[in-house]
Amino acid sequence: MVATSVETMQTRLIHGPGELIAAIPRMLGYVPHEEVILAGVAKTGAIEVLARIDRTDLVLRDLDGEVARAVATEASRSRVARAILVSFTSKPSGGAGCEAATQLAQALTACSIDVDLWVCDGERYWSPGCGDEACCPARGRALPPTSAHSRRANGAPGERLELSGSPAGLEEAAAERRRASGAGDRWWRRREADTPGWRAAALVKVRESARPDATVLDLGRAAVSLRDVRVRDALMVAWLRGGQREIEDTLAGRASEEVARVLDGALHDASHPPPRRAQVQEALEWCGSVARVSRRRDRAGVHALEAVLLWWAGSLDGALSATSRALSCDPDYSLAQLVAQMCEADLRPAWARW
């Protein structure tokens, strides 16, 4: 293990893990290969310590984890608040982990040090086990370029590197997305066994996820539940004060007159009571919570619902912005396209026109 203190001469901000990983070779003076790099971050966000450890030293059976424990102990003595581990290796493919880095991460966690774990093959980087395509695509994310026009992303001798924003917050958000994605994947797999029953249960879970005591797992299950258009539409029927019969018809895919009356009421029936403003605000806050832990593909449905709510509230500009967010996730998402067309035509809800 070789550890290096980062001296203070000039502070340079690093925005996100990609910039940090791209900066490591310049900070070390060489390109790491088959090594785990530990960047020790102080509570202030400044990178105080840089350590490099051969991957083989971390996994040798004869040492039985001794190297990992020694590194973790030294990091604790240096008052490292957070350790960012980057395994530079050509062996794993995108999305895979690293046994050596994982062992070191466990030792650091045992010393009460929070850990961010990344793997880099020299060209791309990823967080092992991350299920969020927006964060870690299947083949990893390309490193930021290190040419002259992007030198500010790289460290230089004597420069003090500091993470922009809260380093804990970045990883906590990624960890929440992974937990939510895992819960959502498990919930979605149950759909195949009994789709009608799953849809009814999914709507219940969606509505429960709006409660104040809802967990990130509840939000993850809600996000994937909205992939099913019938569940999404049944939620809108409930928001429009539809009764149990209308909700059940929507979940079953029955195009009944009662369902049409509820869904079309916002557009054609001035006597249809609009959703309560407090309800719309609560639903918008819920949309924000679900979107924060959702994969990109699932955010399209959430943003489309956000657009519908804003349209109901009479905010055409807000609704149009929400449709843009939805269509950036899925250009073919029909509900977002429909709301965008109504906004562009300056078409407001019936209860706002008469």
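The values are calculated or read from the model by the stated rules, or taken from the named source; none is laboratory data. Remember, predicted model here, so these are calculated numbers, not experimental data. All Cβ positions, glycine included, derive from the backbone under ideal geometry; neighbour counts span all protein chains shown.
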1 or more residues in the same structural domain as Arg211 (by TED's automatic domain parsing), over 23 Å from Glu208 (Cβ atoms) and at pLDDT 85 or above: qualifying helices (runs of 4 or more DSSP H) within the range 245-354: 257-268, 296-312, 316-329, 334-344
So Thr89, is it assigned by TED's automatic domain parsing to the domain that holds Pro137, of a type in the set (S, T, N, Q) and in contact with an Asp or Glu (Cβ under 6 Å, 6 or more places away or on another chain): yes
Residue check, Ala105 under 22 Å from the mean Cα position of the chain (by Cα), modelled with pLDDT of 85 or more and among the small types (Gly, Ala, Ser): yes
Conditions (1) in a helix (DSSP H, G or I); (2) at pLDDT 80 or above; (3) of a type outside the set (S, T, N, Q): number failed by Val36: (1)
Residue match in the range 269-283 (condition: touching a residue at least 40 places away in the same chain (Cβ under 8 Å) and among the charged types (D, E, K, R)): yes
Test result for Ala201, closer than 26 Å to Cys136 by Cα, of a type in the set (Gly, Ala, Ser), assigned to a helix (DSSP H, G or I) and modelled with pLDDT of 95 or more: no
Subset of the range 231-244 (residues that are in a helix (DSSP H, G or I) and either in contact (Cβ under 8 Å) with a residue 60 or more places away in the chain or not acidic (Asp, Glu) (or both)): Val231, Arg232, Ala234, Leu235, Met236, Val237, Ala238, Trp239, Gln244
Some residue of the range 40-50 being among the charged types (D, E, K, R) and modelled with pLDDT of 85 or more: no
Residue within the range 205-227 that is assigned by TED's automatic domain parsing to the domain that holds Asp298, closer than 21 Å to Arg261 by Cα and surrounded by fewer than 22 Cβ atoms within 10 Å (Cβ to Cβ) present: no
Scan of the range 208-241 for residues that are small (Gly, Ala, Ser) and either under 20 Å from Gly197 (Cα atoms) or modelled with pLDDT of 95 or more (or both), ordered by number: Ser209, Gly220, Ala222, Ala223, Ser225, Ala234, Ala238
